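Asker: Pasting a structure below so you can have a look.
The values are calculated or read from the model by the stated rules, or taken from the named source; none is laboratory data. In this text, all values refer to a predicted model and were calculated from it rather than measured experimentally. Note that each Cβ is placed from the backbone with ideal geometry, even for glycine, and that neighbours are counted across all protein chains shown. Side chains are part of the model used for accessible areas, which takes the heavy atoms of the whole protein and leaves out ligands, DNA and RNA. Shrake-Rupley method; radii C 1.70, N 1.55, O 1.52, S 1.80 Å.
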Amino acid sequence: MGDWKTTDGLPRRRRHRALSPLREHLRDTFWFAPTAALVLVFVVWAAATAADDAILTALRDAGDEDAVSDLLGIAEDAKTVVTTISAAMMTFIGVVFSISLVAVQMAAGQFSPRVVRIFVRSRITKATFAVFLATFVQSLLVLTSYDSQRDPALVASIPLVQSVLTLILVGLSVVLFVMYVNSTLRLMRVAHVVDLITREALRVVAGMPRDSSGEEALGTSTGPGPDLGSETARFAHHGRAGVLRDVDIARLVRMARQNGVVLRLVPRIGDFVVPGNPVFAVHGGPATKGLRALSFQVSVGAERTFHQDLGFGLRQLSDIALRALSPAVNDPTTAVQAVDRIVQFLSSVAQHPLGALLHRDRRGIVRLVQPVPGWTDLVDLAFTEIRGCAVSSPQVTRRLLAGLEDLLGAVSEDRRAPLVRHRTLLTQAVERTVPEAADRAFALHPDRQGIG
C-alpha cells in the first residue's frame, strides 16, 4: 500500500502505518506529552513509595535502628531541597513559557503565522514542559510522604528514594532548560525555520508512491492510465467544516480491497470541505455496507498539516518570502533564503509523478487514488506571488532567474512550460518597472546569491 518496486523493475511496495494519522495529530497538540508525563510521574512515585516502604521494613526486621535514624536524617535534609523545588518550579515554568510565547509572537510576525506550528511540534519544547510539570508534581507528592514522627521506632515513612528521584528530575530539568533555550533561539532564526519547513516538506515527497501512471489517473496528462471502472457511488462529508488534513490511507486501501472496489478521494488534502461536499467516489463495484465507515477515515481540522499535504511547505516558504518583501519588513535577503528552499523542493519533486497518487494493496492492485497538486500547480504556488512582489528588488529577481534556470536544466521537456512562462513574465515585469537600461540588465542577470 504505497510506493513499491521489485528487483524486476516493478514498483516496490511501501507500507503505510496504520497509526500514522494519530501520531501526526498528537504531534500537532501540546497536551499529550505533559499529560503522559503526569500519569508517568504518579506511577513512578507509587513505585518509589513501595521501595521506601520495603527499605524501612527490611531495616526494622533486621533490628538496625541506627540505619533507620541515619536515613531519617538524610530524608530530613532532602526535605528542605524538595520544599524549595516545589515552591520555585511553578514560578519558573510560568516565567520560561511567558518568554516563549513572546518569542512565538515575534516569529509569527516576522515570518508567517503558520510557523507557529513548528513551535507546537517541537519535541524539546514538549519534553521540557513535561519534565518541568513532572518535577513540580513529584515534589508535591514527596512532601505528602514525609512523616511528622521523628522517632526511628515509630516513623511510618522515610521518602528517601522519592527524594532522590526528585533531585534527578531537577537535574534533568536544568539540562532540558539549556537545550530548550538553545532550540528556541534557533527557531527565531530564519535560516533554521526555512530549513525545518523544507525538511518536513521533503518528507512528504519521500512518502509519495513513485507510480508512473499517477498523472494520468485523473486525466492530468496524456496517455493511458489505470482503469478505475465506472463510478458507482459517492460519499459526502458529514462532519464539521474545515480543512481536509489527511486520510487514513492504510485503512482505506484495506476497505477497498475487502469490498473489491477502487476509492477516489475527491478533494485534495488542504482543501476546505463543508458538510455535503463529496469526499470519496467509488469505482468498479457497487457501494456496499462495508463502505459506510468511509467518513471516519478522514480528518478535518482548522489548519493544514504537513502529514500528506504536498503543497503546504511551498505555501509557508512563499509566505515567508512575501512577508520579507513587504514594505513593512523590506528584507530581500530573507526572501532569497526562502527562494533557495523553494528551488530545492521543486528540484526534489521534479522527477515524481504528480496530479494523483495511486495506492495499491499487497497484490499491486490500485485501491485508492489520491489527488495531489500537479507540476504546474506547484510552480505557480512557488513563484506567482513572489514574482509579483520582487520586481523592485534586484536581489530577489536575480535569484528567481537563477532558480528558474536551474530548474529548467533539471526537469523533463514536458515540465518546462510553466518555468519558461514565469521567467518571461518576470523579465517583462522588470522591463516595465525599471526605467534605466543598466538597472534592468543588472536585475535580470541570474545570480544564485541574489547579489553575491
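Asker: What does the C-alpha gyration tensor say about the overall shape of the stretch 24-96? Classify as rounded when a/c is under 1.5, otherwise prolate if a/b is larger than b/c, or oblate.
Answerer: Since a/c reaches 1.5 but b/c is at least a/b, the shape of the stretch 24-96 is classed as oblate.
Asker: Additional query: Debye calculation, C-alpha points only, no solvent: report log10 I(q)/I(0) for the stretch 245-317 at q = 0.14, 0.16, 0.23 Å⁻¹, in the same order as the q values.
Answerer: -0.48, -0.60, -1.07
Asker: Could I ask something else about it? Report in % the part of the accessible area of the chain that belongs to carbon and sulfur, leaving out ligands and nucleic acids; probe 1.4 Å.
Answerer: That fraction is 59 percent.
Asker: Regarding the stretch 314-431, what are the three Cα extents along the principal axes, ordered largest first, in Å?
Answerer: 55, 29, 17
Asker: Can you give the angle from 0 to 90° between the axis of helix 160-187 and the longest principal axis of the chain, with both taken from C-alpha atoms, to the nearest 10?
Answerer: Rounded to the nearest ten degrees, it is 20.
Asker: Still on this structure, please answer the following. Once you have a ≥ b ≥ c as the square roots of the Cα gyration tensor eigenvalues for the stretch 86-131, tell me rounded if a/c is under 1.5, and otherwise prolate or oblate according to whether a/b is larger than b/c.
Answerer: Oblate shape, in that a/c is at least 1.5 and b/c is the bigger or equal ratio.
Asker: While we're on this one: With a 1.4 Å probe and all protein chains kept in place, how do 29, 384 rank by accessible area, largest first?
Answerer: So the residues, ranked largest to smallest area, are 384, 29.
Asker: Tally Lys and Arg at +1 and Asp and Glu at -1 over the other residues with C-beta under 11 Å from the C-beta of residue 449: what net charge comes out?
Answerer: Around residue 449, the surrounding residues sum to +1.
Asker: Counting heavy atoms of the protein chains only and a 1.4 Å probe, report the per residue accessible area for the chain as a whole number of Å².
Answerer: 47 Å²
Asker: Sticking with this one: For q values of 0.08, 0.12, 0.13 Å⁻¹, compute log₁₀ I(q)/I(0) with the Debye formula on a Cα-only model of the chain, without solvent.
Answerer: -0.65, -1.05, -1.14
Asker: Let me ask you something else. Does the stretch 284-361 come out rounded, prolate or oblate by the C-alpha gyration tensor, with a ≥ b ≥ c the root eigenvalues, rounded set by a/c under 1.5 and, if not, prolate when a/b is larger than b/c and oblate if not?
Answerer: oblate
Asker: Next question. Could you order the peptides 163-171, 131-139 from most to least packed, using the average number of other C-beta atoms within 10 Å per residue?
Answerer: Descending packing order for the listed peptides: 131-139, 163-171.
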